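The structure under discussion appears below in the form of structure tokens.
Nothing in this text is a laboratory measurement; each read-out follows from the coordinates by a stated rule. If you're wondering where the values come from, they're calculated on a predicted model, not measured in any experiment. We place every Cβ from the backbone using ideal geometry, glycine too, and count neighbours over all the protein chains shown.
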Amino acid sequence: MDERTRLLHEARQAQDQGRFQAAADALLRAFRGDPTDFRICREVGRTLHAAGDLEASVCFLLRAFQAEPADAATVASLTVLLREMGREEESSRVLLRALEQGLEPGQLALQLQRLS
């Protein structure tokens, strides 16, 4: 397991346990190592969402989406967050773009189920 993958795993575990500061610390180390990795941006966005910082979360999730618009986990997280914020039209545009870019609807459904 490479360092980036290990840090992502560590961050997910910490977030699942409600240890948002530990998750943020691991993600920051990963982000410093590769700020262009969409997986890292997605996880930073998810952690910020869980911690209640919705605006910052949107920024990181949009960054992940721009880098990899057909990633089901990113699209699910972003569309749920945008709807939560009352930004339904933007959520719909994200979904349509993702489908145009090759998002598999079954994968999206699975990710949405995991978020609920």
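This ranking places 47, 36 by how few other beta-carbon atoms lie within 10 Å of each, fewest first, which gives 36, 47. Distance from the alpha carbon centroid of segment 32-47 to that of segment 1-25 works out to 11 angstrom. Orientation-averaged projection of segment 6-116 equals 6.3 nm² [convex hull of Cα atoms, one quarter of hull surface area].
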